[in-house]
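Working notes, structure below.
The values are calculated or read from the model by the stated rules, or taken from the named source; none is laboratory data. These numbers come from a predicted model, not from an experiment. Cβ: placed from backbone, ideal geometry, glycine included. Neighbour counts: every protein chain shown. The accessibility values were calculated without ligands, DNA or RNA, using every heavy atom of the protein model including side chains. Shrake-Rupley method; radii C 1.70, N 1.55, O 1.52, S 1.80 Å.
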Amino acid sequence: MLVTLGLLTSFFSFLYVVAPSIRKFFAGGVCRTNAQLPGKVVVITGANTGIGKETARELASRGARVYIACRDVLKGESAASEIRVDTKNSQVLVRKLDLSDTKSIRAFAEAFLAEEKQLHILINNAGVMMCPYSKTADGFETHLGVNHLGHFLLTYLLLERLKVSAPARVVNVSSVVHHIGKIRFHDLQSEKRYSRGFAYCHSKLANILFTRELAKRLQGTGVTTYAVHPGVVRSELVRHSSLLCLLWRLFSPFVKTAREGAQTSLHCALAEGLEPLSGKYFSDCKRTWVSPRARNNKTAERLWNVSCELLGIRWE
């Protein structure tokens, strides 16, 4: 008994000593650029909470005019008010955007284009995770519809404004779980077989394939694009999974804060010299490896064409 007690005491003492180093390791990379953004215009989806909110806070602190595009306008206004006070930047604006409804996406884009003549940074940050099976207003499986098709359409609608504002960037928030994902063209809406965990993974793979194909089509335009893995972050994204909520609490010392999770998005939005890496995937503020499926150009092109068909758009 005394031996066991002694071992436990030694173990916890060791953890106490090394905890700062462990925490620093899990915190990951840091965006180190000093770039300032006066006169620049930014749109961030889902910026009313979590990683998106911290991304908006940082970009606002650098002088950008930041649009928080979110479904919950009241929550968005609360976040914007907080950011305005923190950054002393009054140009933090909230606009309604429901990525599960193409009518809302088109309404947002139409209003934004009427309001702004430029757009320098688009951060496709919003997402859903592990939802029970459901469909969007347009009949798409929710993970596919929100995480991929919603941002695909939004980028399409705003792309000409990005081009005239070049140099400009598009940042797509993906995840390391894309390694588990697969684009199942025979059952894209998961009507034959559905797993809410795998559905999320499939949509995150779609984000990377979209980024890859978009970069190819943007060559020579001055607009570049990047996919990012923010890390394992404490956020509202896990709200649909009681198990993940519990695990996040238990392992909170080893989970990134929202501010830490925002660093790679910020790096890809701001860092100098990233243009040759357009279409690549980043984690902890550096380019990192993607799965073989995420490097498949034929799948990327086919997903692009299928996405256009589903959305009823023609994207040359």
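Of the trypsin sites (Lys or Arg not before Pro) found in the range 61-104, the ones in coil according to DSSP and having at most 15 other Cβ atoms within 10 Å of their Cβ are 88. When 185, 210 are compared by accessible surface with a 1.4 Å probe, the order from highest to lowest is 185, 210. Annotation: peptides 161-167, 190-196, ranked by per-residue average of other Cβ atoms within 10 Å with the highest first, follow the order 161-167, 190-196.
3J(HN,Hα) along the range 122-129: 10, 10, 7, 9, 5, x, 10, 9 Hz, from the Karplus curve 6.51 cos²θ - 1.76 cosθ + 1.60 with θ = phi - 60°, whole Hz, x for Gly and Pro. Note that the range 37-311 carries a Kirkwood radius of 18.5 Å, evaluated over its alpha carbons pair by pair.
Residues whose amide H falls under 5 Å from that of residue 182, counting only those 5 or more places apart or on a different chain, are 202, with hydrogens built in the peptide plane.
Annotation: amide H-H contacts under 5 Å for residue 168 (H modelled 1.01 Å from N, sequence separation of 5 or more, or interchain): 223, 224. Close amide H partners of residue 283, meaning residues 5 or more places away or on another chain with modelled amide H under 5 Å apart, are 229, 288. Two numbers describe the Cα atoms of the range 60-141: Rg and Dmax, which are 14.4, 42 Å.
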